[in-house]
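K.L.:
The structure's right below; bear with me while I get my questions together.
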Amino acid sequence: MFDHISMQLLLGQLLIGLINGSFYAMLSLGLAIIFGLIHVVNFAHGAQYMLGAFVALLLLNHLGIPYWGALIIAPVVVGAFGLLMEQTILKPLRHLDHLYSLLATFAAVLIIEGLMRLEFGSTGLPYASPLPGGVNLGFMFLPYYRGWVVIFSLVVCIATWLLIEKTKLGAYLRAANERPEIVESFGINVPRMMSLTYAFGVGLAGLGGVLAAPIYQVSPSMGSNLMIVIFAVVVIGGMGSILGAILTGYLIGIVEGLTKVFYPEASNLAIFVIMIVALILRPNGLFSSPESSR
Amino acid sequence: MTEPLLKVQNLEAWYGESKALHGMNFDVQPGELVTLIGRNGAGKSTTLRSIMGIVGKRTGSIRFDGAELIGKRTFQIARTGIAYCPEERAIFSSLNVAENLTLPPVLKAGGIADAELLRQFPNLQRRLKSQGTKLSGGEQQMLAIARILRTGARFLLLDEPSEGLAPVVVKEIGEQIRQLKSQGFTILLVEQNLSFARKVADRHVVVENGKVVDTLTNSALEADMARVKTYLGV
Ligand SMILES: Nc1ncnc2c1ncn2[C@@H]1O[C@H](COP(=O)(O)OP(=O)(O)OP(=O)(O)O)[C@@H](O)[C@H]1O
Ligand SMILES: [Mg+2]
């Protein structure tokens, strides 16, 4: 049945899956940090990713700042925007049910995307690759830039995971997730730490947007399309599980790539089938430990 | 009499709409060990939580070391030199024992160094890599007390450290607390276990329905055990 499938196609799709998976992993990582540590379901994550791409584009077109500068500046700008959002719309909702902050971030998406569409229209805008050219791997032509995306996002994911699992700051965050008032009674400004955590997660989304700009078209709706997949990844990995989000991100990218080889018609469905099966078999997520499923 | 380290006046506190403290008045002298005793639900824990700023709303006055704490936020109160060990111990399950122990930051000079803490609480030494909540109740209590000693706070709020522990462990905790007092810590201790309380305390403040109804020195407690027992309903 599969004898018409060439090795070339298989490896090619695997690589594309890995590239998509890099974006899934980075974005769901930010989403999982925000949900896991401050209990906000950040619906605006996709819009913030889109803002990252636009900031990179504007930096280039108006200030002549190239990609490599944008890679540092855009996440900071988007993170600062996240902080502003947190202070204005999320902070007043902090002590209410999580549903309120979810709805608030959802409203933010509609406003942000609407404003961006008014200003920039809905057609995609190109962003030239900072690393033109590529290398022939035999089974496919790999643009250098996509190779960079895979490596860079892997580094970002690992560094973030280490930050949360292995550092003192990470210990504060994990403890504050359990008993914020006790951590605050140790003299730590927990509310400010929470705000900065949100900004950090949003900054990661912005970073993803910069990475995406040279690959996908920069457009106001680029985040919405991705958001559905990202949410599925976070649910499959275990809401709030950092490692689960990273691993599931790559896994889903690869599975999606492979379905394109074996059963192309189902490639868009595969993620959701996995989500349903995962939810039935492991309702707390594939990578949730017993303690993080509280 | 010297200036009290802590002076609580007309303290009222609320959980949402319901009022838990109805005008508490008491003070604690430097170096003193004072207990809050009283029945379940009297408002002992709420008093400690109010000092620490972890109740919904509080009014009145809490003066500590010359500064007013009402209006300050919890982390600011901690930085004035107060440390709090809650009734439920609050050992973090996502951290191991070593991480739990060193979580509170050093805020001022005068805290106990980590190596010294482990000498003072030898049970923890062997379990440093264990998950915090895998410890026995007594070990968790030791950990909960030990970790607040490194911040440099010289005033400790301890909420029922003897609760739910075997007599031999209670005795051990009692020795630890006496040692802390001899190290110069000022301690406000919530305690229902009278035989424990009288072995460590200088003075007892009796709380009933969110108010102070009596204050006794330790010797008065010994002399008038019958009266105190009616307060506690035992
Ligand atoms: N989180 C809370 N929300 C609402 N009411 C509370 C809360 N905590 C305590 N209360 C109420 O406040 C009053 C005082 O409770 P508190 O915990 O201070 O008593 P306590 O003296 O420490 O009792 P115990 O000896 O049982 O620990 C009680 O009526 C209690 O029901
Ligand atoms: Mg209590």
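The values are calculated or read from the model by the stated rules, or taken from the named source; none is laboratory data. Please read all numbers here as calculations on a predicted model, not as lab measurements. Cβ coordinates were reconstructed from backbone atoms using ideal geometry, including for glycine residues, and neighbour counts include every protein chain displayed.
K.L.:
Could you list all residues from region B:101-111 that are within 24 Å of residue B:136 (Cα to Cα) and surrounded by fewer than 20 Cβ atoms within 10 Å (Cβ to Cβ)?
P.N.:
B:102
K.L.:
In region B:178-220, which residues are closer than 23 Å to residue B:81 by Cα and either within 14 Å of chain A (Cβ to nearest Cβ) or within 16 Å of ligand 1 (Cβ to nearest atom) (or both)?
P.N.:
Result: B:188, B:189, B:190, B:191, B:204, B:205.
Here is a yes/no grid of residues against (1) in a helix (DSSP H, G or I); (2) surrounded by fewer than 20 Cβ atoms within 10 Å (Cβ to Cβ); (3) more than 11 Å from chain A (Cβ to nearest Cβ):
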| position | (1), (2), (3) |
| --- | --- |
| B:93 | no, yes, no |
| B:99 | yes, no, no |
| B:124 | yes, no, yes |
| B:139 | yes, no, yes |
| B:146 | yes, no, yes |
| B:153 | no, no, no |
| B:165 | no, no, yes |
| B:169 | yes, yes, yes |
| B:176 | yes, yes, yes |
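K.L.:
Go through (1) out of contact with any strand residue (DSSP E or B) (no Cβ under 9 Å at 6 or more places or on another chain); (2) under 25 Å from residue A:230 (Cα atoms) one by one and return the number of the condition residue A:128 breaks.
P.N.:
(2)
Okay, residues lined up against (1) in contact with a Lys or Arg (Cβ under 6 Å, 6 or more places away or on another chain); (2) surrounded by fewer than 22 Cβ atoms within 10 Å (Cβ to Cβ); (3) without any contact (Cβ under 8 Å) to a residue 24 or more places away in the chain:
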site: B:180; (1), (2), (3): no, yes, no
site: B:184; (1), (2), (3): no, yes, no
site: B:188; (1), (2), (3): no, no, no
site: B:192; (1), (2), (3): no, yes, no
site: B:196; (1), (2), (3): no, no, no
site: B:199; (1), (2), (3): no, yes, no
site: B:202; (1), (2), (3): no, yes, no
site: B:211; (1), (2), (3): no, yes, no
site: B:214; (1), (2), (3): no, yes, yes
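K.L.:
One residue is enough: does region A:281-292 have a residue meeting the conditions away from chain B (no Cβ under 14 Å), farther than 15 Å from residue A:26 by Cβ and assigned to a helix (DSSP H, G or I)?
P.N.:
Looking for residues that are away from chain B (no Cβ under 14 Å), farther than 15 Å from residue A:26 by Cβ and assigned to a helix (DSSP H, G or I), one finds at least one in region A:281-292, hence yes.
K.L.:
Counting just the residues of region A:148-173 that are without any contact (Cβ under 8 Å) to a residue 12 or more places away in the chain and buried (at least 17 other Cβ atoms within 10 Å of the Cβ), which one comes out farthest from the other protein chains (Cβ to nearest Cβ)?
P.N.:
Checking each candidate, the answer is A:170.
K.L.:
Looking only at region B:101-117, which residues are assigned to a helix (DSSP H, G or I) and in contact (Cβ under 8 Å) with a residue 24 or more places away in the chain?
P.N.:
B:101, B:102, B:114, B:117
K.L.:
Of everything in region A:174-219 that's facing another protein chain (nearest Cβ under 8 Å) and of a type in the set (A, V, I, L, M), which residue is nearest to residue A:74 (Cα to Cα)?
P.N.:
Out of the qualifying residues, it is A:190.
K.L.:
Among the residues of region B:155-169, how many are more than 16 Å from ligand 1 (Cβ to nearest atom) and at pLDDT 95 or above?
P.N.:
Going through region B:155-169 one residue at a time, the tally reaches 2.
K.L.:
Scan region A:246-269 for residues that are touching a Phe, Trp or Tyr at 6+ places or on another chain (Cβ under 8 Å) and modelled with pLDDT of 85 or more and report the count.
P.N.:
Here the count works out to 7.
K.L.:
Next question. Give the residue, chosen from B:75, B:64, that is aromatic (Phe, Trp, Tyr) and touching a Leu at 6+ places or on another chain (Cβ under 7 Å).
P.N.:
B:64 is the lone residue from the list that is aromatic (Phe, Trp, Tyr) and touching a Leu at 6+ places or on another chain (Cβ under 7 Å).
K.L.:
Restricting attention to region B:65-89, and to residues there that are within 14 Å of another protein chain (Cβ to nearest Cβ) and assigned to a strand (DSSP E or B), which single residue is surrounded by the most Cβ atoms within 10 Å (Cβ to Cβ)?
P.N.:
Among residues in region B:65-89 that are within 14 Å of another protein chain (Cβ to nearest Cβ) and assigned to a strand (DSSP E or B), the one surrounded by the most Cβ atoms within 10 Å (Cβ to Cβ) is B:82.
K.L.:
For the structure I just gave you, tell me whether residue A:112 is surrounded by 16 or more Cβ atoms within 10 Å (Cβ to Cβ) and β-branched (Val, Ile, Thr).
P.N.:
It is true that residue A:112 is surrounded by 16 or more Cβ atoms within 10 Å (Cβ to Cβ) and β-branched (Val, Ile, Thr).
K.L.:
Considering only residues that are in a strand (DSSP E or B) and either within 14 Å of chain A (Cβ to nearest Cβ) or not polar (S, T, N, Q) (or both), which ones fall in region B:39-64?
P.N.:
Selection gives B:57, B:58, B:60, B:62, B:63, B:64.
K.L.:
Still on this structure, I have one more. In region B:178-215, how many residues are within 16 Å of ligand 2 (Cβ to nearest atom) and in a helix (DSSP H, G or I)?
P.N.:
The total comes to 3.
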